[in-house]
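Input: a single structure, listed below in structure tokens.
The values are calculated or read from the model by the stated rules, or taken from the named source; none is laboratory data. Please read these numbers as outputs of a predicted model, since none were measured by experiment. Cβ atoms come from the backbone with ideal geometry, glycine included; neighbour counts cover every protein chain shown.
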Amino acid sequence: MTIAVYPGTFDPFTYGHMDIIERAAVLFDELIIAIYENLAKHPLFSLEQRVELVEKAVADLPNIRVTPFKVLTVDFLHQVGAKVMIRGLRANSDFEREFEMALMNKKLAPDIELMCLMASSQHQFLSSSLIKEVAVLGGRLEGMVPEPVAVALRKKAAAKLPNVSE
């Protein structure tokens, strides 16, 4: 059985993430969506909320498992018996950061392979930080995030800015 892990903060989960998941899921027997706590990024959603939102989004995909983690990513891959880490790329800035992480991960765990998937053209512009800004400013989220994520973002935005419409 071939297991791959797609790690990330997923704060919030976007259709860009979903695109990478759907494409990676057909390549492996099992794809684990590993949600990193990452308190350094000051996530908008708690780890539990992010797990729940991603689980709702991928519920129709049979070979997907969503799991939180709080250790080094390569250690998590070893814990679950995975040999492949999936990452999504949008732009040159993504490549530079992913390249640095890939080199560090290869140093830490030479047995783990990295597979980068380019984001589909319709998702190239999506970034979690931009989507959070759109939500807080009351913008439309259709086509950027799954509906359960949009609902959760609107609730968070309404709590921050009481005049933001539901």
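Quick one: would you say VAL145 is farther than 18 Å from PHE10 by Cβ, modelled with pLDDT of 95 or more and surrounded by 15 or more Cβ atoms within 10 Å (Cβ to Cβ)? No: the conditions fail for VAL145.
From the list LEU89, LEU27, LEU44, LEU61, the one residue that fits, being out of contact with any helix residue (DSSP H, G or I) (no Cβ under 8 Å at 6 or more places or on another chain) and at negative phi, is LEU27.
Cβ-Cβ contacts under 6 Å between residues 6 or more apart (or on different chains), taken from a first residue in the range 25-41 that is free of Cβ contacts under 8 Å to residues at least 40 places away in the same chain and surrounded by 20 or more Cβ atoms within 10 Å (Cβ to Cβ) to a second residue that is part of a helix (DSSP H, G or I) and not hydrophobic (A, V, I, L, M, F, W, C), are listed as ILE35/ARG50. Looking only at the range 2-38, count how many residues are in contact with a strand residue (DSSP E or B) (Cβ under 6 Å, 6 or more places away or on another chain) and among the polar types (S, T, N, Q). So the answer is 1. Can you tell me which residues in the range 18-46 are at pLDDT 95 or above, of a type in the set (A, V, I, L, M, F, W, C) and part of a helix (DSSP H, G or I)? Listed by number, the residues that qualify are MET18, ILE20, ILE21, ALA24, ALA25. For the range 47-149, the strands (runs of 3 or more DSSP E) that sit wholly inside it and include 3 or more residues that are of a type outside the set (A, V, I, L, M) and within 17 Å of the chain's Cα centre (by Cα) are 64-69. All conditions in (1) surrounded by 16 or more Cβ atoms within 10 Å (Cβ to Cβ); (2) under 22 Å from ALA158 (Cβ atoms); (3) not basic (Lys, Arg) hold for ALA119, with the sole exception of (2).
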